[in-house]
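Have a look at the structure below, then the notes.
The values are calculated or read from the model by the stated rules, or taken from the named source; none is laboratory data. Everything numeric here is computed off the predicted structure, so don't read it as measured data. No Cβ is skipped: glycine too gets one built from the backbone with ideal geometry, and neighbour counts run over all protein chains shown.
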Amino acid sequence: MCGIFGVLRFDGGPADDRALQGMARAMRHRGPDGDARWQAGPCGLGYVRLATVGLRQPAQVFAAGAVRSVVNGEVYGHAAVARSLGFPVPAVDTHLLAMVAARDAAAGVLRVPGTFAAAWWDGDGLWLARDRVGKKPLFYVVDGRAVWFASEIKALVAAGALDVAADDHAVGKFLFQGSLEESTPLLRGVHVVTPGTAVGWTREGTARTAHAPPWNLADGTGGEADGLEAHFTAAVDRRLPDEVTAVTLFSGGLDSSLVAARARMPLVTIAVPESDETQQATRVARKLGLRLEVVAAPPRDRAWLRRALFHLETPDASAAYAMAPAVLAAADVLGARGVRVALGGEGADEVFLGYPWHRLALALERGVDPPARVDSPVVRRAMQLLGWSGAAGRPLRALEAWLWSGGFAEVAATLYAGQPVAPVDEPTGPCDPGTPVPHGARQRQLDALRRDMLLLPVLHADRLLAAAGVESRLPFLDDALVAWMLTAPAHRLERMDRDKPLLRTLARRVFPGFRPAAKRGFTAPRRPPDDVLEAWTRARAAEGVRCLDLARLLADPMLRGPARAEALWRAFLVEETLDVLWRGPGETPRAGSPTSEEPARA
């Protein structure tokens, strides 16, 4: 894992090295093992390095012919990949992408199996690309004078390429649904390189694009037990590092237990009071015969919240308060102990259809009552708000209903009068834009890869672990495994009474005797107690706001009860995120720091 950044000036002037240095400093947490920069006239490339492969190699911008490239990510099994493509084996895996770009251009890079976000200068212009699953982030800002790019938005701010100004549509969308997809950054002017896409600009600023081959979505042999086990085993094995210390992030649930059973590495779990999985994790770890370390969640104070928002770079009404700081605390412990790689089970719910809304959608398609675990009065109310009228209703995805389930649409207008507040957009993601999208289970897989995966595995696993220089590796999002699962017969992907039936079949083979507990998710509080939230919001209003009138919101007599709390929380998160992107998080808390703002009862 690394952080990449750079610029191409369309006026032919030289790249600003001071700005590039500022971008490197802004992402030093992603790459504590050195940095490298390359400049030639109007183009400048750079990266900060986290060394996990080729430890004795210096940080460098890779060269191949006229190509100069920087990469965030890995090409797993790069020796075999290089030989299969007819290249000599490079000392560092990501050097292979420069070699491919020099010979086969952007289309060739997008065919390389791997986990990467890459940028390269080809002598005529700049290219940016992501693998077709999209596990590493890449953002850019473009105007008539230049294009700037970086792995994190804060680096674009540090370069002076971007003002900390909220995008009206993004704010309205967040106030409506409580989260933002990766494709909708909070800051105005930020664009995202879509997974499976390369975007480029000539020296003069002419745009160009290329796309990865579309997924094969035809029902085939995917899901057959022997093949599934072989693909999963290979996906884990490809991610086992040879040169650095690694662990498996572990809950004792189905997904992480499968990874742990194959990886055979030390286990780490997080103790969160309301969502304590330590007993389950301890029991399963003993069955596996693996050592388990328990990391305590940090205090729920404003300092930890600000640090979480600084690394997430987007407000998140469900995760920013308890979940994100807990992951940050675990990352701190791992980073301090020299752990460089953490395997995890994220991605399984996307590929194998494990989210509650997947079974809700299946029930709606079949015209039957949903299972009790995915049904509730607020979900039913959300369906009414969305105008769902059963099987004959408009084909609205279940995730929209789930995101609406807080009933917040009824108060959103109070927060952001006159701005567009609308359901989630049609997803974009790792398919050629012209590829027809099927319905049913296959559509749910694609939607999960295009949106859910880019909310959790990419955003949380990448950013929060990267904050302490730890690289996230996710076997369930292996390119070959995903491709194979997208050919699984649709009728085998879902059961009304059980989530992830194919993965449970795999568990019986990989981990005999394992009986995973029912999926429960992260159940810690999603926002502070009301009195703490009031105090934080008043403080934020006094400290200054950049977008929303928090003082008016606090004084609004029409907002009462849970609606008021949710309105304050979402509005506060918008303003706090904008502030940390402008000023930084302030004093950086670390695991073990004492609580500073929230009462002990919270």
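Remarks
- Residue 506 over 20 Å from residue 304 (Cα atoms), of a type in the set (A, V, I, L, M, F, W, C), assigned by TED's automatic domain parsing to the domain that holds residue 236 and at pLDDT 80 or above: yes
- Only one entry in 106, 118 is touching a Leu at 6+ places or on another chain (Cβ under 6 Å) and crowded, with 21+ Cβ neighbours inside 10 Å, namely 118.
- Check on residue 85, free of Cβ contacts under 8 Å to residues at least 60 places away in the same chain, of a type outside the set (Val, Ile, Thr) and more than 30 Å from residue 550 (Cα to Cα): yes
- Residues satisfying the stated conditions in region 464-496, i.e. assigned to a loop (DSSP other than H, G, I, E, B) and within 20 Å of residue 362 (Cβ to Cβ): 486, 487, 488, 489, 493, 494, 496
- Contact map, region 575-586: residues that are modelled with pLDDT of 95 or more paired with residues that are of a type in the set (Asp, Glu), Cβ distance under 8 Å, separation 6+ or inter-chain. Pairs shown: 577/313; 579/543; 581/313.
- Each residue in region 212-240 was checked for being among the aromatic types (Phe, Trp, Tyr) and outside any loop (DSSP other than H, G, I, E, B), and 1 pass.
- Scanning region 587-601 for residues that are buried (at least 19 other Cβ atoms within 10 Å of the Cβ) and either within 30 Å of residue 156 (Cβ to Cβ) or modelled with pLDDT of 85 or more (or both) yields 589, 591.
- Residue in region 125-136 that is farther than 20 Å from residue 37 by Cβ and surrounded by fewer than 24 Cβ atoms within 10 Å (Cβ to Cβ) present: no
- Subset of region 243-283 [out of contact with any strand residue (DSSP E or B) (no Cβ under 7 Å at 6 or more places or on another chain), surrounded by fewer than 16 Cβ atoms within 10 Å (Cβ to Cβ) and touching a residue at least 40 places away in the same chain (Cβ under 8 Å)]: 243, 273, 274
- Identification of strands (runs of 3 or more DSSP E) wholly contained in region 94-173 with 1 or more residues that are charged (D, E, K, R) yields 125-130.
- Any hit, region 293-313, residues being under 24 Å from residue 155 (Cβ atoms), modelled with pLDDT of 95 or more and in a loop (DSSP other than H, G, I, E, B): yes
- Flag for residue 533 being modelled with pLDDT of 95 or more and either in contact with a His (Cβ under 6 Å, 6 or more places away or on another chain) or not in a loop (DSSP other than H, G, I, E, B) (or both): yes
- Test: residue in region 199-207 that is among the charged types (D, E, K, R), part of a loop (DSSP other than H, G, I, E, B), buried (at least 17 other Cβ atoms within 10 Å of the Cβ) and within 20 Å of the chain's Cα centre (by Cα): no
- Taken together, the criteria place residue 470 among residues that are in contact with a helix residue (DSSP H, G or I) (Cβ under 6 Å, 6 or more places away or on another chain), modelled with pLDDT of 85 or more and closer than 30 Å to residue 2 by Cβ.
- Residue match in region 344-359 (condition: in a helix (DSSP H, G or I), within 26 Å of the chain's Cα centre (by Cα), closer than 19 Å to residue 526 by Cβ and at pLDDT 90 or above): yes
- Residue within region 435-457 that is in contact with a Pro (Cβ under 9 Å, 6 or more places away or on another chain), assigned to a loop (DSSP other than H, G, I, E, B), crowded, with 19+ Cβ neighbours inside 10 Å and at pLDDT 75 or above present: no
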